Amino acid sequence: MNEFEPGDIESLIAAELAGLPRLGRGTDPLGSHPVDWRHLPPEQVGVEWTALREWVEWFTVRYTVPVSVVPDCWWKHGALVEELSALHVAHLAAFDDSDSGFGPIGWHERLALARPRLQNAGAGCASGHFELKPRSWDAATDEAEWDAWITETHAGRDTVVSHEGKEEG
């Protein structure tokens with residue numbers, strides 16, 4: 001039986017790992033990137049929307065996704081766009097050449113988790129688009145109260161407020 005010193009074992013493991021063939025492109029970035037729709041530069045808008053549309057159309061046919069889950073007006077629903085966009089990027093990464101082979105099953109697990117969110121995000125438009133009134137923050141926040149809140153220091157206060165709402169020093 002061979003006896004090894006702790007340093008020998010680490011060296012053997014490092015040598016073994018160094019000799020393994022590299023799959024795909026190694027350390028190159030994956031062939032996908034998340035899309036930040038909020039900060040998307042104008043020159044990328046058309047490219048990103050076109051890529052997402054092509055993928056959504058493929059995805060809904062391939063996975064037999066009903067109109068009640070992803071309605072035809074999916075692109076008019078911000079939450080649905082974000083969810084589909086995230087699935088699109090995850091799909092691209094899962095099937096990238098650099099993936100070790102576990103990506104596809106991981107993507108399908110994520111898809112199962114995303115289905116209820118997809119259904120909620122596009123709910124109500126199975127038989128035509130139903131325009132939702134977007135939430136507005138106009139006049140919703142008392143600016144003076146907000147300014148006082150953000151400038152107030154909460155850390156390091158010597159005063160503790162009791163359960164009765166009285167300050168204790």
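The values are calculated or read from the model by the stated rules, or taken from the named source; none is laboratory data. Here the structure is a predicted model, which is why all the values come from computation and not from measurement. Backbone-built Cβ (ideal geometry, glycine too); neighbour counts: all protein chains shown. Just so you know, the surface numbers come from the protein's heavy atoms only, side chains and all, with ligands and any DNA or RNA stripped out. Shrake-Rupley method; radii C 1.70, N 1.55, O 1.52, S 1.80 Å.
In the range 44-62, which residue that is open to solvent by 60 Å² or more (accessible area, probe 1.4 Å) and in contact with a helix residue (DSSP H, G or I) (Cβ under 8 Å, 6 or more places away or on another chain) is farthest from residue 95 (Cα to Cα)?
Ranking the qualifying residues of the range 44-62, first place goes to 49.
With the checklist (1) modelled with pLDDT of 80 or more; (2) within 29 Å of residue 88 (Cα to Cα); (3) open to solvent by 60 Å² or more (accessible area, probe 1.4 Å) in hand, flag the one item residue 132 doesn't pass.
Against the list (1) modelled with pLDDT of 80 or more; (2) within 29 Å of residue 88 (Cα to Cα); (3) open to solvent by 60 Å² or more (accessible area, probe 1.4 Å), residue 132 comes up short only on (1).
What are the residues in the range 65-113 that are in a helix (DSSP H, G or I) and over 18 Å from the mean Cα position of the chain (by Cα), if any?
76
Which condition from (1) surrounded by 12 or more Cβ atoms within 10 Å (Cβ to Cβ); (2) closer than 19 Å to residue 36 by Cβ is the one that residue 73 breaks?
(2)
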